[in-house]
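Right, one structure below, let's go through it.
Each reported figure results from applying straightforward, stated rules to the coordinates on display, with no laboratory input. Because the structure is a prediction, the values reported are computed rather than measured. For neighbour counting, all protein chains shown are included, and Cβ atoms are generated from backbone atoms with ideal geometry for every residue, glycine included.
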Ligand code: 5GP
Ligand code: ZN
């Protein structure tokens, strides 16, 4: 992926504000942050989305998220933390190199990360369950 900006950032070819790095991942500050400290976990190899992410990356990812989450809690004194990960345009993905958002939350930060809850019947939930399990 020669023209992938996150490949270049993850590999250090383009400078970024890095807050954590290991062999597999780089964690950078988002240029359009939702809140103070909003960061992105980037794998150093190119995977377009969650579906392409190999198991070893998927397994290591949450350990990085936890490590950086604790760092944010400790150093930024955030009151909460959202992990957000978009796959596909309809889901809000704009950069097609896997990334997980880490969004520290602060009392009164005014951000809204959410959805409108539906009200499915028991039968509807059962139908969905059987579609998935079929
Ligand atoms: P998505 O909408 O794909 O889940 O998130 C893309 C995120 O990447 C956005 O929050 C956007 O602000 C951030 N972003 C896009 N380009 C760059 C960049 O070149 N550097 C950094 N640090 N963040 C970027
Ligand atoms: Zn890439």
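Brief remarks on what is shown
- GNM flexibility winner over the chain from 121, 94, 35 (Cα, springs under 10 Å): 121
- Calculated [θ] (222 nm, deg cm²/dmol) that DSSP helices of n ≥ 4 give over the chain, each run adding -39,500 (n - 2.57): -9500 deg cm²/dmol
- Paramagnetic reach from residue 131 in the range 77-96 [backbone N under 20 Å; point 7 Å along Cα→Cβ]: 87-92
- Cα gyration tensor category, rounded, prolate or oblate, for the chain with a/c compared to 1.5: oblate
- Near-label residues of the range 35-53 by backbone N, under 19 Å of a point 7 Å along Cα→Cβ of residue 105: 35-41
- On Cα atoms only, tilt of 55-76 relative to the major axis of the chain in degrees: 70 degrees
- Top of 120, 104, 15 by mean-square fluctuation, Gaussian network on the chain, Cα under 10 Å: 120
- Degrees, to the nearest 10: 122-133 long Cα axis against longest axis of the chain: 60 degrees
- Full extension of the chain between residue 52 and residue 2 yields a length gain of 16.2 nm, computed as 0.36 nm times the residue separation minus the alpha carbon distance.
- GNM top mover of 118, 37, 80 - the chain, alpha-carbon springs below 10 Å: 118
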